[in-house]
Amino acid sequence: MSLLSHNTENSFQETKSIMNPNAGEWKPSVNAAAWTPGQGFQVPTPAPAPAPAAAATQTPEHQESTMSDIDENDPLWQAVLKIAEGDREKALTMINDPDSLANYPEVEAILAAGVGGGDDAMDIAECGDDATDQFAKDVDDKLKIDDVPTSAPDYDDDDNGDTLEIDPSTLKEGDPREHMNLVFIGHVDAGKSTLSGSILYITENVDKRTIERYEKEAKERNRESWFLAFIMDTNEEERAKGKTVEVGKAHFETVDKRYTILDAPGHKNYVPNMIMGASQADIGVLVISARKGEFETGFDRGGQTREHALLAKTLGVSHLVVVVNKMDDPTVQWSKQRYDECVTKLRPFLKQCGFTIKKEVKFIPISGLSGANVKDEVDPAVCSWWKQSWTSGENNTNQPSLLRLFDSLEIQGRDPTAPLRIPVLDRYTDRGTIAMGKVESGIVRPGITVTVMPTRSEYKVDAVWANEDPVAGARPGENVLIKLNGAGTEDVRKGYVLCTDPPCRAVDKIIAKIYLSDMPENTKIMTAGFQAVFHAHCCEEECTIVKIFETTNKKGQVVKNARFASIEMQCICMIEVARSVPVEKYDDYPFLGRFTLRTEGKTIAIGIITKLPPKKA
Ligand code: GTP
Ligand code: MG
């Protein structure tokens, strides 16, 4: 019950911005002096404002001390006066020339003991308290310091950023319960945020007072039923429009497992944000509205149900839980007929997306709003048929509720003995560069050296945090923060991969098998020269189809050396990316070997990498 135990709202705001794909592109806009090119923004440490002592650390052109500024009792002034053998004029000159002062050990000792402030402290001290508050607020607002997640540990390191004040002997291996990322996807207004909020409320991660506050706010905005969604939709735009924009992130746990919810936006404009969430997920939760008319809209061309399911499959979710939501709605009233209708229509379509229904897909009816079937089984008085349905394992589901269903899912292929692979989701500066991502394979520990692909730079891992705590090691499935010794923010970017030997490949050409699920407006065929954007794990890069080797149409007819491919065809082709990307063959590392192609705001193909160029000697 970690995240919300202190301050619900702030925790979410902070975690929200972690998921903003633009979060890495910080720009100096408030205090340019605090921005160091290549190093990002350093948060100055506020300090008290000692008058002459602080002045002593300031350069003369910034501020000249005068006799009237002097506090006679200040230890620094007394020391300088002593060095100047009582000559007050000489002492004043010395105070105004800090470089020469630093040569006197007795002065250094006084400064080191904390009498004086640093330059950063001085900048703030000069502004007074109000200005300090304003400065801190501006920093938060504009420079996204809240990108530092709640899990960002508060630690001090020495000047060169190398040594951490974390005693290695205190580090634990982390919570032994398995960790899983759930991504909530589906058409706009299907109820993803409401369900996320409902789970957090039911698992006691949100207190009653907060809920009452959201109920009041939702009412004031004429969005009464949105109060649970407000737990996840924290920013003004989201609450005003009732639409998620950025992927919200929150934690909950059951007795058996730990979970992170990634609440993706349903609106098609925000598909790139949704891809970010899905690329981290182990389990896709496809939320479908059973309400009359809404279920149908989600499926229409342009409805997001189709694109989201396709993306989830390609981006690597191991299981898809299809939540048929809004079962309480007056147009549904827990009707088995409506539930069966939704499931029957979804099955062939999910099969088309590449899911093996029996093995990978489960269906469950719920009401996110009332909480029925979320943690506890729906009351038989409300829904008489559910018990019979789940006890007989109908639609692959043999669990009474959604949380029980999550607990029952096993994630295959998490190999702690394989070489380390952590696709970088983002990074930020906190006295050194901290990369964030999910461990896909291997174990990351403080002290090991990792190779960053595609640049091949090597860095020692200074510290690892999982679930807000510094840990001695993090296994596959953990969302981690990793401090890399000596790396600048430009050295570790979104889409790079942290590896141990042998590192993953970095290539600019791949041979792939793709399925063309859609085409851009006004384009009917794909030929050599076709351009799109290549998305694999957290990485995206412009690409060109350079050659089509073979196509297979819906009837299974194969054309070798085809000159073009069209919608609903499979095709083997060579793709060239503008800059080299860190990937692997799908058969070796599935999570680094699958991708999507997008153009003109829609996903047009999903694919797997079948061949990479030979390794250079
Ligand atoms: P986007 O973020 O815009 O993609 O939407 P979303 O899927 O997060 O939907 P959201 O949770 O914001 O809910 C949209 C509307 O559906 C709100 O009015 C909710 O109250 C309503 N809703 C969500 N779940 C349920 C439910 O179980 N039953 C009923 N009756 N209404 C629901
Ligand atoms: Mg939402």
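Accessible surface calculations at 1.4 Å, restricted to protein heavy atoms, place segment 178-408 at 38 Å² per residue.
Remark on Val287: its backbone amide H falls under 5 Å from those of Ile185, Gly186, Val323, a criterion applied only to residues 5 or more positions apart or on other chains, H modelled at 1.01 Å from N. Here segment 174-189 and segment 340-378 have alpha carbon centers that stand 16 Å from each other. Taking amide H atoms as placed 1.01 Å from N in the peptide plane, the amide H of Ser457 lies under 5 Å from those of Val452, each 5 or more residues away in sequence or on another chain. Once the 1.4 Å probe is applied to the protein heavy atoms, segment 416-467 comes out at 29 Å² accessible per residue.
The amide H of Ala605, built 1.01 Å from its N in the peptide plane, has Ser517, Leu597 as neighbours under 5 Å, considering only residues 5 or more places off or on other chains.
With Kirkwood's inverse mean 1/r over C-alpha pairs for Rh, give me the Rg to Rh ratio of segment 275-342, two decimals please.
Taking Rg over the Kirkwood Rh, I get 1.02.
Per atom type, segment 416-499 shows carbon and sulfur on 44% of its accessible surface, probed at 1.4 Å. Here the scattering of segment 416-499 is modelled by Debye summation over its C-alpha atoms, one equal scatterer each and no solvent; at q = 0.11 Å⁻¹ the log10 of I(q)/I(0) is -0.22.
Which lysines have a Cα less than 22 Å from the Cα of Lys219, not counting those fewer than 8 places away in the same chain? In chain and number order, the partners are Lys192, Lys208, Lys241, Lys243, Lys326. 3J(HN,Hα) along segment 602-609, derived from phi through the Karplus expression 6.51 cos²θ - 1.76 cosθ + 1.60 where θ = phi - 60°, amounts to 9, 7, 10, 8, 10, x, 10, 7 Hz, with x in place of Gly and Pro. Along its three principal directions, the equivalent ellipsoid of segment 266-388 from the Cα gyration tensor extends over semi-axes of 25, 16, 14 Å, largest first. In order along segment 384-399, the phi-based Karplus estimate (6.51 cos²θ - 1.76 cosθ + 1.60, θ = phi - 60°) of 3J(HN,Hα) comes to 7, 9, 5, 4, 4, 5, 6, 5, 8, x, 4, 6, 6, 10, 10, 10 Hz; Gly and Pro are listed as x. Please give the residues of segment 404-430, grouped as numeric ranges, whose backbone N is less than 11 Å from a label point set 7 Å along the Cα-to-Cβ vector of Asp256. Taking a point 7 Å out along Cα→Cβ of Asp256, the residues of segment 404-430 whose backbone N falls under 11 Å are 404-411.
Evaluated over segment 412-564, the count of Lys pairs having alpha-carbon atoms less than 28 Å apart is 25 (only pairs 8 or more residues apart or interchain). For the peptides 449-455, 597-603, 204-210, residues were scored by their other Cβ atoms within 10 Å and the scores averaged per peptide; the highest-first order is 449-455, 597-603, 204-210. Take 510-523, 378-391, 355-368 and order them by the average number of nearby Cβ atoms within 10 Å per residue, most first; the result is 355-368, 510-523, 378-391. Label-to-label distance, Lys208 versus Glu550, with points set 7 angstrom from Cα along the beta-carbon direction: 6.5 nm. 3J(HN,Hα) along segment 439-456: 6, 8, 8, x, 10, 9, 9, x, x, 7, 9, 10, 9, 8, 9, x, 7, 6 Hz, from the Karplus curve 6.51 cos²θ - 1.76 cosθ + 1.60 with θ = phi - 60°, whole Hz, x for Gly and Pro. Taking a ≥ b ≥ c as the square roots of the Cα gyration tensor eigenvalues, segment 354-395 comes out oblate, since a/c reaches at least 1.5 and a/b does not exceed b/c.
Where the alpha-carbon atoms of segment 178-408 are placed on the principal axes, they occupy 43, 41, 39 Å, in descending order. Shown for segment 178-408: the carbon plus sulfur share of the solvent-accessible area, taken with all protein chains present and a 1.4 angstrom probe, equals 49%. Between Ser408 and Asp587, residue separation times 0.36 nm minus the direct Cα-Cα distance comes to 61.8 nm.
The values are calculated or read from the model by the stated rules, or taken from the named source; none is laboratory data. Note that the structure is a prediction, hence the values are computed from the model and not measured. When we count neighbours, we look across all protein chains shown, and the Cβ atoms used for this are built from the backbone with ideal geometry, even at glycine. Just the protein is used for accessible areas: all its heavy atoms, side chains included, with ligands, DNA and RNA removed. Shrake-Rupley method; radii C 1.70, N 1.55, O 1.52, S 1.80 Å.
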